[in-house]
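The values are calculated or read from the model by the stated rules, or taken from the named source; none is laboratory data. Just so you know, these numbers come straight off a predicted model, no measurement behind them. Reconstructed Cβ throughout: ideal geometry from the backbone, glycine too, with neighbour counts over all protein chains shown. Quick note on the areas: whole protein, heavy atoms, side chains included, nothing else; ligands and nucleic acids left out. Shrake-Rupley method; radii C 1.70, N 1.55, O 1.52, S 1.80 Å.
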Amino acid sequence: MEIQNIVDSAENNFLNLNSGIESFPILRIQNLNVYAEKNHILKDINLEIPRNKITVLLGPSGCGKTTLLKCMNKLTDLYKELKVSGNIFIEQDDILNTKKDIPSIRQKMGLLSQRPYLLPMSIYKNVAYGVKLKGIRDKKLLHYSVEKNLKEVGLWEEVKDRLHSPATKLSIGQQQRLCLARGLAVKPRIILADEPTSALDPISSKIIENLFVELKKHYTIILVTHILRQAVRLADHVVFMYYGDIIEQGPPDELFNNPKTETLKKYLVEGN
Amino acid sequence: MIFRRIAVDKTNNVWMVASLATILALPLIIGIGLYIKSIPLLEYQSAGSLVTSSEWLPSQGKFGFWPFIYGSLYVTMISFLLSAPVCVFAAIYLTQYASKRIVNIFMPIVDILAGLPSVIYGVFGILVVVPFISKYLAPIFDVSTSGYCILAGGIVLSIMSIPYMLNIMIEVFNTVPIGIKEASLSLGATSWESIKHVVVKRSIPGVISAFGLGIAKAFGETIAVMMVVGNVLKISHNPFKGGYPLPALIANNYGEMLSIPKYDSALMFAALLLLVVILLINIVFRYLIYKTQIK
């Protein structure tokens with residue numbers, strides 16, 4: 001009888017584990033606190049990011065969304081005034097406290113910034129940069145990766161004849177797609193997007209938004225935005241932040257139709 | 001009323017253009033002045049042979065400027081080789097790694113160094129660099145020297161040009177947007193890889209312009225070099241031997257020995273040479289900046 005129980009529970013565990021993979025969060029944040037000198041920028045953040053969904057971090061400017069995003073791939077290292085504590089698990093690795101190689105953990109996340117920050121090199125080299133950092137030197141493989149990722153963001157046809165010209169010659173919308181392609185080329189699991197359409201015209205913005213909808217089949221997307229409509233269009237999961245706190249989170253329908261807090265109600269009214 | 005406003009507007013314009021024109025005309029006026037003054041010498045000997053000849057015997061009417069040009073180029077080269085790497089690494093450290101506190105302490109020091117009169121550097125050279133070379137450095141290479149030599153000139157010049165180059169390089173590295181570094185890091189680069197491939201690469205035109213300024217500064221510097229370089233009129237490839245840079249020639253001799261025919265004109269020609277070389281350095285570096293910006 002006892003053996004039966006053990007076998008049953010083991011089977012159950014195995015099943016749970018298998019079915020769990022999909023629902024198991026790809027990124028978990030626990031007790032994250034960030035201080036900048038005396039300001040408490042992020043206050044005890046606990047958050048789980050679901051796999052293959054678009055999670056939108058929504059909130060007014062200056063509420064700590066971008067800082068939260070930068071904590072996720074430890075870019076906070078660049079800002080010496082920031083003091084970060086807590087845990088952020090990317091799959092099994094706690095990026096804030098791990099002894100593992102940070103650059104290779106960062107490659108699990110592609111970054112798309114507010115403005116397209118191009119590397120000072122050609123279109124081709126912008127995409128190949130991260131791939132080369134992985135140690136891939138074979139020209140055929142590099143070219144394959146460049147072509148594949150430029151196709152993925154719909155830029156290949158527009159640039160295939162001028163791959164070796166400076167990336168700065170592209171329009172700003174194209175530049176932003178190039179940045180996306182460059183991020184995808186290192187095969188990340190997660191795309192961190194920090195108001196990626198804020199510098200773009202409506203048409204370019206639309207292209208990026210459509211790409212996100214396509215990309216979520218294979219990637220988890222964390223999108224920072226203060227544009228309510230964008231959140232409504234794209235979000236599978238919404239996290240509403242206000243001055244360093246997570247005020248509310250949940251599915252968009254629930255959050256936008258039945259806001260529980262006054263702060264979110266006010267934000268929704270003003271946003272509309 | 002409207003008429004008055006338009007009139008003021010127009011006259012302001014004139015003033016600004018006039019100020020600008022004065023600044024633009026200055027090098028031209030100086031150049032023409034020096035040229036007119038050197039005509040007596042140039043009538044006597046062609047510029048080409050003056051520049052390439054090594055014989056300097058003013059009393060016999062022999063004016064060969066090559067030893068001076070050689071001396072200037074040599075000290076400048078040593079100065080550049082010593083100061084350029086130091087500046088690049090110091091600027092990278094200050095802009096990319098150092099805490100705000102270190103920057104706040106260090107920046108005023110750089111400004112003080114830039115503002116020190118060159119005679120102080122000369123004294124420092126005589127008190128520190130010259131004895132150091134003669135007592136410690138030269139014996140390592142099994143050379144005996146008084147210490148007053150090309151190398152001493154180069155070292156003093158390198159110390160003098162560091163604050164100038166460093167200031168520009170710090171500015172240049174600081175203008176690289178942090179977003180570009182973030183992009184590089186997020187793609188899996190280490191901090192050093194990001195600095196090397198992105199920050200430095202993007203700053204190349206600015207770094208070249210800093211180099212240009214440093215070289216021009218070193219080439220034209222007079223007093224400090226003159227105090228330590230030995231002022232020996234001999235072409236030697238050995239940096240432990242003395243030399244005689246072009247600016248020192250003018251500073252040492254102007255006002256003296258002007259009774260010798262054409263001597264005055266020869267010194268003016270030396271000044272003209274300095275002007276032309278500085279101009280050439282600037283043109284070359286402009287071109288390099290332009291070339292690196294295109295890519």
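Quick notes on this structure:
- Residue match in region B:41-49 (condition: closer than 30 Å to residue B:257 by Cα, over 21 Å from the mean Cα position of the chain (by Cα) and exposed (fewer than 10 other Cβ atoms within 10 Å of the Cβ)): yes
- Taking residues in region B:229-244 that are within 16 Å of residue B:142 (Cα to Cα), and partners anywhere that are in a loop (DSSP other than H, G, I, E, B), the pairs with Cβ atoms closer than 6 Å and at least 6 places apart or on different chains are B:240/B:143; B:240/B:145; B:240/B:149; B:241/B:149.
- Total residues in region A:217-244 satisfying the condition of being within 30 Å of residue A:82 (Cβ to Cβ), open to solvent by 60 Å² or more (accessible area, probe 1.4 Å) and modelled with pLDDT of 90 or more: the figure is 2.
- Number of the exception - residue A:214 against (1) surrounded by fewer than 16 Cβ atoms within 10 Å (Cβ to Cβ); (2) touching a helix residue (DSSP H, G or I) at 6+ places or on another chain (Cβ under 6 Å): (2)
- Filter result (open to solvent by less than 30 Å² (accessible area, probe 1.4 Å), β-branched (Val, Ile, Thr) and either within 10 Å of chain A (Cβ to nearest Cβ) or closer than 22 Å to residue A:133 by Cα (or both)) within region B:169-210: B:176, B:180, B:195, B:198, B:199
- Unique residue being more than 9 Å from every other protein chain (Cβ to nearest Cβ), of a type outside the set (Lys, Arg) and open to solvent by less than 40 Å² (accessible area, probe 1.4 Å) when the list is A:136, A:102, A:88: A:88
- One residue from B:147, B:125 being away from chain A (no Cβ under 14 Å), on the phi > 0 side of the Ramachandran plot and either modelled with pLDDT of 95 or more or open to solvent by less than 50 Å² (accessible area, probe 1.4 Å) (or both): B:147
- Test: residue in region B:203-216 that is out of contact with any Lys or Arg (no Cβ under 6 Å at 6 or more places or on another chain) and farther than 30 Å from residue B:181 by Cβ: yes
- Residue match in region B:35-53 (condition: in contact with a strand residue (DSSP E or B) (Cβ under 7 Å, 6 or more places away or on another chain) and not in a helix (DSSP H, G or I)): yes
- Residue A:119 vs. criteria within 22 Å of residue A:199 (Cα to Cα) and either within 11 Å of another protein chain (Cβ to nearest Cβ) or surrounded by 15 or more Cβ atoms within 10 Å (Cβ to Cβ) (or both): yes
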